[in-house]
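Laboratory data are not the source of any read-out in this text; all were calculated from the coordinates shown. The structure displayed is predicted, hence computed values, not measured ones. Don't worry about glycine lacking a Cβ; one is built from the backbone with ideal geometry, like all the others, and counts go over all protein chains shown.
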Amino acid sequence: MHLNYSLMMGLDYNLMMDLTDIELKLEELEAGYKKRYFRKDTKRSWSFKCHCDEKVVSNVADEYFIVSMTRKDPNAISRRFCSKKCADIYIDEQRNVLSVERERIIEERRKVREVYEEAERKFIAIKEKS
Ligand SMILES: [Zn+2]
């Protein structure tokens, strides 16, 4: 079996970067989750529609919740929610997606390491014979 070590190390490096990206996204998710209060001193009211289809109007409701993940895209629009319950559902979903992805990458790194260690054992065995 011929192994390209630099290719394998490159692959592991990419996986490590993907993992870092996911860790940052998870942190960002927690940090970007905030409770907001509607300003009551403005003449014009504004509204948005929550994921649950509830329309939230600034001169009716007092508070809303936002989740913003704008690290990579500063222009990305924050998601708004009518209640903590709705925001929590979204947060949980996102956290799950990221966790599954994180597990997949960890597993892939483990496999890469396994292949590498196996190759190393074979290499040592060949060296000892000669
Ligand atoms: Zn809602």
Rounded to 0.05, the calculated FRET efficiency for the beta carbons of ILE77 and ASN14 at R₀ = 35 Å is 0.75
What's the local net charge at LYS85, with K and R +1, D and E -1, over the other residues with C-beta under 12 Å away? -2
Given SER99, ILE89, ILE66, which one lies farthest toward the positive end of the charge dipole of the range 57-111, if we put +1 on the Cβ of every Lys and Arg and -1 on the Cβ of every Asp and Glu? SER99
Inter-probe distance in nm under a simple model that places probes 7 Å from Cα toward Cβ, at LEU98 and VAL57: 3.5 nm
Candidates ALA31, ALA87, ALA119: whichever shows maximal mean-square fluctuation once the chain is modelled as a Gaussian network with Cα springs under 10 Å: ALA119
Relative contact order for the range 5-129: what percent, with Cα pairs under 8 Å and sequence separation of 6 or more? 26 percent
Between PHE123 and LEU24, what FRET efficiency follows from the Cβ-Cβ distance if R0 is 41 Å, with the result rounded to 0.05? 0.70
Roughly how many nanometres apart are two label points built 7 Å out from the Cα toward the Cβ at TYR37 and VAL115? 5.7 nm
At q = 0.16, 0.18, 0.21 Å⁻¹, base-10 log of I(q)/I(0) for the chain (Debye sum, equal scatterers on each alpha carbon): -0.87, -0.99, -1.17
Candidates ASP18, ASP41, ASP53; GNM for the chain (alpha-carbon contacts under 10 Å) flags as most fluctuating ASP41
On a full-extension model of 0.36 nm per residue, what is the gain between SER68 and LEU7, subtracting their alpha-carbon distance, rounded to one decimal in nm? 18.3 nm
